[in-house]
């Protein structure tokens with residue numbers, strides 16, 4: 001065999017090995033399972049059905065819940081950024097994660113906007129020991145309340161999440177993700193009171209803790225991950241039904 005033929009044979013073998021490696025191991029063999037799932041083209045279509053509000057849901061309960069559900073999607077962005085920083089995926093693959101998950105953020109934003117507009121069209125009421133609240137009368141005669149600041153910070157989070165998807169800079173996206181996590185953690189203090197407790201001095205980007213993201217999601221990350229390992233359509237349907245969000249609680 002001539003030297004030229006040997007070189008051609010070696011090149012062919014290398015190409016075959018690379019192609020087989022991508023087929024067997026996937027496009028990001030060393031990335032986290034979160035990143036691998038976010039690199040699926042069907043990411044949004046796979047998870048969106050599990051995020052449809054139940055018939056018992058009402059605008060004042062749906063509105064703030066959306067930010068916590070969007071946090072579930074941003075968990076995938078968080079892991080993709082860690083993999084990007086570690087060199088386990090390329091910038092192109094990171095941006096592919098953003099493209100694949102955008103459909104879910106758009107879907108949840110539309111739900112948020114519809115219900116947010118319904119909530120804020122009514123003037124808030126003053127409640128003793130709580131402050132200004134948006135209220136909603138329930139069929140059983142009770143009233144559901146959410147503080148004005150709780151609704152406001154939900155608006156900030158949803159707007160910031162959408163800003164992230166307008167960027168092509170992974171570092172800028174991650175910086176916004178950290179700020180989003182700050183808002184998410186701060187929002188837990190607004191659930192029953194408007195008082196801020198000087199939150200900005202203790203919960204801020206400089207003190208960023210990933211737990212502010214992971215601990216405030218609406219569905220456990222492992223539950224959402226389970227969607228991608230289910231092949232049987234009936235089993236997947238039952239999981240959708242089980243995970244469907246009840247915003248009325």
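The values are calculated or read from the model by the stated rules, or taken from the named source; none is laboratory data. Worth saying up front: this structure is predicted, and the values here are computed from it rather than measured. Please note: Cβ atoms are built from the backbone with ideal geometry, for glycine as well, and neighbour counts cover all protein chains shown.
Table: residues versus (1) outside the structural domain of residue 219 (by TED's automatic domain parsing); (2) surrounded by fewer than 18 Cβ atoms within 10 Å (Cβ to Cβ); (3) in contact with a strand residue (DSSP E or B) (Cβ under 9 Å, 6 or more places away or on another chain); (4) under 22 Å from residue 186 (Cα atoms).
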| position | (1), (2), (3), (4) |
| --- | --- |
| 70 | no, no, no, yes |
| 87 | no, yes, no, no |
| 90 | no, yes, no, no |
| 97 | no, no, no, no |
| 127 | no, yes, yes, yes |
| 137 | no, yes, yes, no |
When restricted to 36, 41, the only residue free of Cβ contacts under 8 Å to residues at least 60 places away in the same chain and within 25 Å of residue 179 (Cα to Cα) is 36
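Every residue, every condition in (1) at pLDDT below 95; (2) assigned by TED's automatic domain parsing to the domain that holds residue 117; (3) over 24 Å from residue 60 (Cβ atoms), yes or no:
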residue: 180; (1), (2), (3): no, yes, no
residue: 191; (1), (2), (3): yes, yes, no
residue: 198; (1), (2), (3): yes, yes, yes
residue: 207; (1), (2), (3): no, yes, yes
residue: 234; (1), (2), (3): yes, yes, yes
